[in-house]
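Novice: Below you'll find the structure I mean.
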Amino acid sequence: MTGCLYCIDNDIIKKLATFELFEETIKLFEAAPTEIRVLATAKYKFRGDLAKLEKGRLRQPEAKLVNYKRTIELAETLPQIDQARVDSELLEQLCTFEGIDAGEAVLTTYVSQVLQKDEAGEAFILTGDKRYLKALAEVALPELQALFKNRFWCLEQLILRDICEYGFEAVRDKIVPVRDCDKACRAVFGSGDRATEKNVIVAIAGYIETLRAETGDLLHEYAG
């Protein structure tokens, strides 16, 4: 998958940084840092969340587990998508759909532009937001649906790919201490160090197939 662009949403940056699996996961795509894109607003979002956490104003218990230092570092140093350079008409249209926030609309618009350029190679979006995928699947824009067929990787697919490449125990031991930062991981790795490879893979596969059924052709075909 060389020569591709991988656009990563805020949730994936935060989760993979907290799991200490960001570099390992990106390595599996054979992607250079120059082939990664994050939202230009991501660093401000994460800095704001950290400031709220330090002041005791971020009430979600899982926020205490997030590795904000690494998350912010990634958001600051990776190549960024400038909202001013994306198609404003499509961006505004996507923002009207419930379930698609402003950042997700920017990602979607940016990748659609990349895919439509004659000289473009490939582009994918890595997202941890299932609500976004479900909402995008309902968008009544046939050209957009065709363009984004198999263009999305969800968090569970990335974790499954990490397990297949690096081994179950190596991945489990990174996720288990901070599993409560993600609802699905809390369930999948609920047994902690006693979680077995068979049970975890079956559970992850179940999440992927459920999401696939809810989002049409958007998810990448990878299934382990």
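Novice: Please state which of the following conditions D180 fails to meet, knowing it meets all the rest: (1) part of a loop (DSSP other than H, G, I, E, B); (2) in contact with a helix residue (DSSP H, G or I) (Cβ under 6 Å, 6 or more places away or on another chain).
Specialist: In the conditions (1) part of a loop (DSSP other than H, G, I, E, B); (2) in contact with a helix residue (DSSP H, G or I) (Cβ under 6 Å, 6 or more places away or on another chain), D180 misses (1) alone.
Novice: Which residues, taken from the range 143-177, are touching a residue at least 40 places away in the same chain (Cβ under 8 Å) and part of a loop (DSSP other than H, G, I, E, B)?
Specialist: F148, K149, N150, R151
Novice: Might you let me know whether the range 131-141 holds any residue that is aliphatic (A, V, I, L, M), surrounded by 16 or more Cβ atoms within 10 Å (Cβ to Cβ), within 21 Å of H220 (Cα to Cα) and free of Cβ contacts under 8 Å to residues at least 24 places away in the same chain?
Specialist: No, the range 131-141 contains no residue that is aliphatic (A, V, I, L, M), surrounded by 16 or more Cβ atoms within 10 Å (Cβ to Cβ), within 21 Å of H220 (Cα to Cα) and free of Cβ contacts under 8 Å to residues at least 24 places away in the same chain.
Novice: So which helices (runs of 4 or more DSSP H) stay within the range 10-126 end to end and still have 3 or more residues that are among the hydroxyl-bearing types (S, T, Y) and surrounded by 14 or more Cβ atoms within 10 Å (Cβ to Cβ)?
Specialist: Filter on the range 10-126 gives 102-116.
Novice: Only one of (1) surrounded by 14 or more Cβ atoms within 10 Å (Cβ to Cβ); (2) in contact (Cβ under 8 Å) with a residue 12 or more places away in the chain; (3) not in a helix (DSSP H, G or I) fails for G190. Which number is that?
Specialist: (2)
Novice: On the basis of being over 18 Å from I175 (Cβ atoms) and at pLDDT below 95, does G48 make the cut?
Specialist: no
Novice: With T96, T25 as the choices, which residue is in contact with an Asp or Glu (Cβ under 9 Å, 6 or more places away or on another chain), at pLDDT 90 or above and of a type in the set (V, I, T)?
Specialist: T25
Novice: Inside the range 194-224, can you point out the residues that are of a type in the set (G, A, S), farther than 13 Å from N150 by Cα and part of a loop (DSSP other than H, G, I, E, B)?
Specialist: A195, G224
Novice: Hey, any hits in the range 210-217 for a residue that's farther than 30 Å from V139 by Cα and among the basic types (K, R)?
Specialist: Checked the range 210-217: no residue is farther than 30 Å from V139 by Cα and among the basic types (K, R).
Novice: Please find, within the range 193-221, the residue that is surrounded by the fewest Cβ atoms within 10 Å (Cβ to Cβ) out of those that are at pLDDT 95 or above and of a type in the set (K, R).
Specialist: Of everything passing the filter in the range 193-221, K198 is surrounded by the fewest Cβ atoms within 10 Å (Cβ to Cβ).
Novice: Which one of K183, K174, K149 is buried (at least 16 other Cβ atoms within 10 Å of the Cβ) and not aliphatic (A, V, I, L, M)?
Specialist: K174
Novice: Let me confirm something: among R179, R172, R186, R161, which residue is within 24 Å of G99 (Cα to Cα) and among the charged types (D, E, K, R)?
Specialist: R186
The values are calculated or read from the model by the stated rules, or taken from the named source; none is laboratory data. Predicted, not measured: the structure shown is a model, and the values here were computed from it. Because the Cβ atoms are built from the backbone with ideal geometry, glycine has one as well, and the counts that use them run over all protein chains shown.
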